[in-house]
Amino acid sequence: MSRIGKKPITIVDGVTVSLSGCTVSVEGPKGKLSWTHRPEVAIEIEDNIITVSAINDDRSSRALHGLTRSLVANMIEGCSKGYVRGMEVYGVGYGVQLAGSKLTVNCGFSHPVFFDVPEGVTVEIQTPQARGDTDPAKFTVSGPDKQAVGQLAAKIRMARKPEPYKGKGIRYAGEYVRRKVGKAFAGTGS
């Protein structure tokens, strides 16, 4: 039996959770989310406490037990607090711009890279242009859906991963990039 799946989920103040069939709907101050769980798992709501249980002892039921509990807990946390992913763009001339629901990233290519910001996810730019190798362009990706926020942040990072020699590229805020020394010139031979 799953240790995570056995833990009950407490519904925080300001968040309402409703269950109709296999569909769980969560509504809070940060937004609304709904998700349909698999029939191998049962969800019960009693007195602001949600319990998730496996229907039987099959392998698929046991595998989905902890997953379902984690997804419902993430929905409740996302609708109450929201999820934020900080991003940094290092490199001379690198930067980001937001026009409507299109994010434009200049990251050293001969052309800008465009990303569609999905509905329910917001992008806020703190510093639009990078200045040298020490002062990056900064922006945040936020929203109630943990998967959507993480997916957009990962897609943006994939446009130009940080390289190990100068550290240029797009990285998560606080991400450590292991630097390499590069070629050493021995001087002129005789």
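The values are calculated or read from the model by the stated rules, or taken from the named source; none is laboratory data. On a predicted model such as this, the values are computed, not experimentally measured, just so you know. Here Cβ is always computed from backbone atoms with ideal geometry, including for glycine, and neighbour counts include all displayed protein chains.
A few notes on this one:
- Some residue of the range 176-190 being closer than 30 Å to Ala73 by Cβ, out of contact with any Ser or Thr (no Cβ under 6 Å at 6 or more places or on another chain) and among the small types (Gly, Ala, Ser): no
- Considering each residue of the range 86-108 in turn, none proves to be within 16 Å of the chain's Cα centre (by Cα) and surrounded by fewer than 16 Cβ atoms within 10 Å (Cβ to Cβ).
- Screening Arg178 on (1) surrounded by 13 or more Cβ atoms within 10 Å (Cβ to Cβ); (2) more than 18 Å from the chain's Cα centre (by Cα); (3) farther than 19 Å from Phe109 by Cα shows it passes everything except condition (1).
- Qualifying residue in the range 12-30 (condition: of a type in the set (D, E, K, R), exposed (fewer than 13 other Cβ atoms within 10 Å of the Cβ) and either more than 30 Å from Ala173 (Cα to Cα) or not assigned by TED's automatic domain parsing to the domain that holds Ala137 (or both)): yes
- Criterion violated by Arg69 - all others in (1) of a type in the set (D, E, K, R); (2) assigned by TED's automatic domain parsing to the domain that holds Ser25; (3) surrounded by fewer than 20 Cβ atoms within 10 Å (Cβ to Cβ); (4) under 28 Å from Lys30 (Cβ atoms) satisfied: (3)
- Scanning the range 152-163 for any residue that is buried (at least 16 other Cβ atoms within 10 Å of the Cβ) and either in the same structural domain as His37 (by TED's automatic domain parsing) or in a strand (DSSP E or B) (or both) turns up nothing.
- Where Gln147 falls short, out of the listed (1) modelled with pLDDT of 95 or more; (2) touching a strand residue (DSSP E or B) at 6+ places or on another chain (Cβ under 7 Å): (2)
- Some residue of the range 114-132 being closer than 14 Å to Gly86 by Cα, among the charged types (D, E, K, R) and surrounded by 14 or more Cβ atoms within 10 Å (Cβ to Cβ): no
- Test: residue in the range 72-80 that is modelled with pLDDT of 95 or more, surrounded by 14 or more Cβ atoms within 10 Å (Cβ to Cβ) and of a type in the set (Val, Ile, Thr): yes
- Pairs, first polar (S, T, N, Q) in the range 37-54, second assigned to a strand (DSSP E or B), C-beta under 6 Å, six or more apart: Thr51/Glu44; Ser53/Ala42
- Residues that are in contact with a helix residue (DSSP H, G or I) (Cβ under 9 Å, 6 or more places away or on another chain) and either buried (at least 19 other Cβ atoms within 10 Å of the Cβ) or β-branched (Val, Ile, Thr) (or both), drawn from the range 31-53: Leu33, His37, Val41, Ile43, Ile50, Thr51, Val52
- Filter result for the condition that a residue is of a type outside the set (Ser, Thr, Tyr), within 30 Å of Gly108 (Cβ to Cβ) and touching a residue at least 12 places away in the same chain (Cβ under 8 Å), over Gly82, Gly93: Gly93
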